[in-house]
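**Q** Pasting in a structure now, in structure tokens, and then I'll have a few things to ask.
The values are calculated or read from the model by the stated rules, or taken from the named source; none is laboratory data. Since the model is a prediction, treat every value here as computed from it, not as a measurement. As a convention, Cβ positions derive from the backbone with ideal geometry for all residues, glycine included, and neighbour counts pool all protein chains shown. Just the protein is used for accessible areas: all its heavy atoms, side chains included, with ligands, DNA and RNA removed. Shrake-Rupley method; radii C 1.70, N 1.55, O 1.52, S 1.80 Å.
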Amino acid sequence: MDPHLTCAAERRFPGGMRVEARFRIPEPGFSVTVLFGPSGSGKTTALRLLAGLERPDAGHIACGGTVWADAGRGRHLPPQARNLGFLSQAYDLFPHLSLAANLAYGLGGLPAGARRDRVAELVALLGLDGLEDRQPAQLSGGQRQRAALGRALAPRPALLLLDEPLSALDRPTQLRLRRDLRDLLRRLDVPTVLVTHDRAEALQLGDRLVVMDGGRVCQEGPIQPVFDRPTDPAVARILGVETVVLGGVVEVSGGLATVAVGEARLQAPDPGSLGLRAYVCIRGEDVLVERGEPGPSTARNRLAARIVSLQPEGPLVRLTLDAGFPLESVVTRQACADLDLAEGEAVTALLKASAIHLIPHD
Ligand SMILES: Nc1ncnc2c1ncn2[C@@H]1O[C@H](COP(=O)(O)OP(=O)(O)OP(=O)(O)O)[C@@H](O)[C@H]1O
């Protein structure tokens, strides 16, 4: 069966920048595909290609069995012919219309009764009961966001596009609405493509991840495997893996690989196809710290280290360690205080083998 969405398109901008949007959504039901990458990586351009606001210079886009764009054949459906909902950062509600009139706006093709029913259904789904007659300025940020979502979804589009949907809200509201947004999208049962550069937001909202960098799609797939097993060091860094260092492969046996990084020897699961060298990827949250010299433990990797710096980050503290190579650890403020950790202290860094991800280096 063909995927619900196939996007294999490229936009070439004057000045030489190329952005490729290359990913697919297998099924037509609820799923959230996150376009993730640093500023300038091409996320917005990819979304605009899907929306029909950019014309691809090469490639094609098809959704729900309809070809939306095919550069080779000169086919380009305009945005209004694509059966999609688009929610921009600004929410785009009509300020002079009531909530109900905003929701009904795209339903002009329906008879009045069916239009009223759809608006009532959306109001209930979105939890906006009793607010139907209010204008956008009389709604809270969260309510406005839900109203805008409802307006984009009213005509039952085949695809919903969300451009940084929470970025206009204050931080506490963002955190609260992340969970609500995923529940809502599930109830509305529409495949969604969402742009964000917030890693926690991507993890909380997404089912699939498309990692973009420099106008290229570097990796695509179900979200957890992509987060756990990036296929190149640039993707690992984009995904927030704190320590990415090159090591020499010393031995591979029994499913475990031993890699030398400086003086340290690290054991990690063998990813297969290892050559002489490999990138060692370690997340800060997976590095435990004990005071003093290494003693017995079940952790495969016990490294003598020294604390180079401590950086408080809210309830957490980011430690930069010298373990013969720079190694970052993220611990709670409480643990830091309990162990009385300070710059210059000798510590032991503990790492389970399973917490280390190796990327073969050719
Ligand atoms: N109209 C344009 N003309 C020329 N270059 C453009 C144009 N639009 C985008 N670009 C370039 O294409 C690249 C991708 O831009 P895009 O806005 O898609 O990135 P982004 O990942 O959405 O960034 P951000 O997170 O900052 O919004 C950038 O280098 C940008 O300068």
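**Q** I want to confirm something. Restricting to segment 121-148 and keeping residues that are open to solvent by 20 Å² or more (accessible area, probe 1.4 Å) and within 17 Å of Asp189 (Cα to Cα), which single residue is nearest to the chain's Cα centre (by Cα)?
**A** In this case the residue turns out to be Arg146.
**Q** Here's something else I'd like to know. Exactly one condition in (1) within 22 Å of the chain's Cα centre (by Cα); (2) buried (at least 20 other Cβ atoms within 10 Å of the Cβ); (3) within 16 Å of the ligand (Cβ to nearest atom) is false for Pro56; which is it?
**A** Result: Pro56 fails condition (1) only.
**Q** Which pairs do you get when a residue that is at positive phi, found in segment 75-87, comes within reach of a residue that is in a loop (DSSP other than H, G, I, E, B), reach meaning Cβ atoms under 6 angstrom, with the pair 6+ apart or on two chains?
**A** Within 6 Å, the pairs are Asn83/Pro157; Asn83/Ala158.
**Q** Please go through segment 25-45 and give me each residue that is within 16 Å of the ligand (Cβ to nearest atom) and of a type outside the set (D, E, K, R), ordered by number. Steps first, answer last, please.
**A** First pass over segment 25-45, keeping only residues within 16 Å of the ligand (Cβ to nearest atom): 33-45.
Matches in segment 25-45: Thr33, Val34, Leu35, Phe36, Gly37, Pro38, Ser39, Gly40, Ser41, Gly42, Thr44, Thr45.
**Q** Of the residues in segment 148-181, how many are touching a Leu at 6+ places or on another chain (Cβ under 8 Å), of a type in the set (A, V, I, L, M, F, W, C) and either within 16 Å of Thr33 (Cβ to Cβ) or in a helix (DSSP H, G or I) (or both)?
**A** Within segment 148-181, residues that are touching a Leu at 6+ places or on another chain (Cβ under 8 Å), of a type in the set (A, V, I, L, M, F, W, C) and either within 16 Å of Thr33 (Cβ to Cβ) or in a helix (DSSP H, G or I) (or both) number 11.
**Q** Right, here's the next one. Being within 18 Å of His197 (Cα to Cα), surrounded by fewer than 17 Cβ atoms within 10 Å (Cβ to Cβ) and small (Gly, Ala, Ser) is the filter here, so list the residues in segment 15-40 that pass it.
**A** Listed by number, the residues that qualify are Ser39, Gly40.
**Q** Can you name every one of the helices (runs of 4 or more DSSP H) wholly within segment 22-128 that holds 2 or more residues which are closer than 20 Å to Leu205 by Cβ? Quick ask: steps written out before the conclusion?
**A** Working: elements: 43-51, 99-104, 112-126.
Ranges flagged: 43-51, 112-126.
**Q** Still on this model: With the condition kept exactly as written, say whether any residue in segment 103-112 is at pLDDT below 85 and of a type in the set (A, V, I, L, M, F, W, C).
**A** Within segment 103-112 (the criterion being at pLDDT below 85 and of a type in the set (A, V, I, L, M, F, W, C)), the answer is no, since none of the residues qualifies.
**Q** Then there is this: Going by the structure shown, is Leu185 at pLDDT below 90, buried (at least 21 other Cβ atoms within 10 Å of the Cβ) and assigned by TED's automatic domain parsing to the domain that holds Arg18?
**A** For Leu185, the condition - at pLDDT below 90, buried (at least 21 other Cβ atoms within 10 Å of the Cβ) and assigned by TED's automatic domain parsing to the domain that holds Arg18 - is met.
**Q** While we're here: Out of Arg22, Arg48, Arg18, Arg11, which single residue is more than 14 Å from the chain's Cα centre (by Cα), more than 12 Å from the ligand (Cβ to nearest atom) and in the same structural domain as Gly221 (by TED's automatic domain parsing)?
**A** On the way: Arg48 fails: more than 12 Å from the ligand (Cβ to nearest atom); Arg18 fails: more than 12 Å from the ligand (Cβ to nearest atom); Arg11 fails: more than 12 Å from the ligand (Cβ to nearest atom).
After applying the criteria, what remains is Arg22.
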